[in-house]
Structures are given as structure tokens and as C-alpha cells.
Amino acid sequence: LAFDGTMEGSLRTPRVSGNLSAEGVRIGDVKGLRVQGALGFDARALDVSTLTVESPVNRVAVQGSLPWRDASGGGAFEAHIGDPAPLVPMIPGPWQPAGTFDVTGRWAGSAQNLRATATLLGTDVTINGLAFESLTGDLDLADRILQLKQLQATQPGGALSASASWDLSSQTLIADTTGRGLALSVLAPDEAGGLDTRARLSNLSIDAHIEG
């Protein structure tokens, strides 16, 4: 960890600003991250000119002002995700998504009450035997509830739509899914610990409500 910065103001109200650089950072279950950015902070807020967090295949960039308490700040973010599995360890292995995802959005509020909206674009996405050429959707975060709205995923001859709400406090999920004309590969664990295709189904229809 390296921080090259300056301190201004008084002893009662100091302000620190500078450049941050760190290697091998761990955030949650994600290890080996590189962090770089230009930022400043004082007793009121964290101001980020640029901040990037990246691994060899994933990258997140953030800029804006985040008050610590009651004031309202705002900013923008973008993410390119080439390997989403480390970001969703709570999802069972076969259901963990694979593919490439791009997220762009804006956030507002404070560290105690953060709100965000974003658009999601995915390409070559697979989820438990379902393969999609493209995927789009909207994300909303407010009151520690993450909502996925108007998810649309397409494959040749088929399409799937979904909505979901994830309560980050109680770790509960509510989701509704509808699919028509879908092609599905039935997967099962193999001797090497991976997943093997046991059957292929076509022209499937899905109507599901998930809660738990």
C-alpha cells in the first residue's frame, strides 16, 4: 500500500488528499486486486477524482463525492466483468453466471444511505445449462435492497425475461422468471469435479417464482 499525499487545514478540521496505490488487495472473497486512485477526505466526505479496482479480468472505476453521514453526494461508476463467479459466492456453483458483463450507472446519498441505478449488458452468458447471446437489464439499489428490473436474455429462437429483489440485510431473494423457446443443456458433476453435459433439451417454456 502506498499513499502520496498532503494534509491541509487545521488540527480540528484536517483534509487529506493524494494518490493511492495498492497491490494484492482483498475485498470480501475477491483476492489479488489492484487499487489506484486520486482522492481526498475530511470529516465530512470522501471525494474521489478517479478510483479503479481491478483484477486480470474484472475492472471497476468510480468517481464522485460520498458524505459520511447526512449530506447527499453523488457520482458515477462503470464495471467490466470478465469473471463474475468470485463476485457472487452465495450462488451455488451450477447457477453461477459465466460470460462478459458491463455495468454503467450513477449513485447518490451518503455512506449510511447509498442509492444507485445502473444498466447491465451481458454477452455470451451461461447459467446452469442456459446459454444466451445477449442480456440486458436495469439495476436499482436503495435501502439495502438490490433490484433487477426488466432483464431480457436472448438465444437463437428463444428468450427469457426476469425480475428479482435481493435484500442485502436479510440475504433473502425474490425472483420471477418467464422463458419461451429455450434450449437447455442438462449438466451433472463429473469425476474431475466439473460439470458434464448429460442431455440437451429444446423449445422449453419456463415460468418460475423463487423465494428464500
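The values are calculated or read from the model by the stated rules, or taken from the named source; none is laboratory data. All values reported here derive from a predicted model rather than from experimental measurement. Note: ideal-geometry Cβ built from the backbone for every residue, glycine included; neighbour counts use all protein chains shown. Side chains are part of the model used for accessible areas, which takes the heavy atoms of the whole protein and leaves out ligands, DNA and RNA. Shrake-Rupley method; radii C 1.70, N 1.55, O 1.52, S 1.80 Å.
Data for the structure
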read-out	value
Stokes-Einstein translational diffusion, region 146-212 - Kirkwood Rh over all Cα pairs, 1.306 mPa s, 10 °C, in µm²/s	115 µm²/s
Ellipsoid semi-axes in whole angstrom, largest first, where each is sqrt(5λ) of the Cα gyration tensor of region 94-212	29, 16, 14
Distant alpha-carbon pairs in the chain (separation over 23 angstrom), percent	56 percent
Segment Gln152-Asp4, length gained on full extension (0.36 nm per residue, minus Cα span)	48.8 nm
Region 118-160 residues near the modelled Val186 label - backbone nitrogen below 15 Å, point 7 Å along Cα→Cβ	129-130
Label-point separation, Thr50 to Arg198 (7 Å along Cα→Cβ), nm	5.1 nm
Region 65-133, accessible surface, carbon-and-sulfur percent (1.4 angstrom probe)	60 percent
Check: region 97-201 dipole with +1 on Lys, Arg Cβ and -1 on Asp, Glu Cβ, in debye	240 debye
Region 34-105, Cα convex hull volume normalised per residue, Å³	112 Å³
Dipole magnitude of the chain about its Cα centre (Cβ charges: Lys, Arg +1; Asp, Glu -1), debye to nearest 20	380 debye
Alpha-carbon Debye profile of region 56-157, log10 I(q)/I(0) at 0.13, 0.14 Å⁻¹	-0.54, -0.61
Rounded to whole Hz, the Karplus (6.51, -1.76, 1.60) HN-Hα couplings of region 132-146, x for glycine and proline	10, 6, 8, 8, 9, x, 10, 10, 10, 10, 7, 6, 6, 10, 9
Given charges at Cβ of Lys, Arg, Asp, Glu: the chain dipole, positive-most of Ile81, Ala2, Gln155	Ala2
Mean accessible surface per residue for the chain, computed with a 1.4 Å probe while every protein chain stays in place, in Å²	61 Å²
Square roots of 5 times each gyration tensor eigenvalue, C-alpha, region 1-125, largest first, Å	30, 17, 12
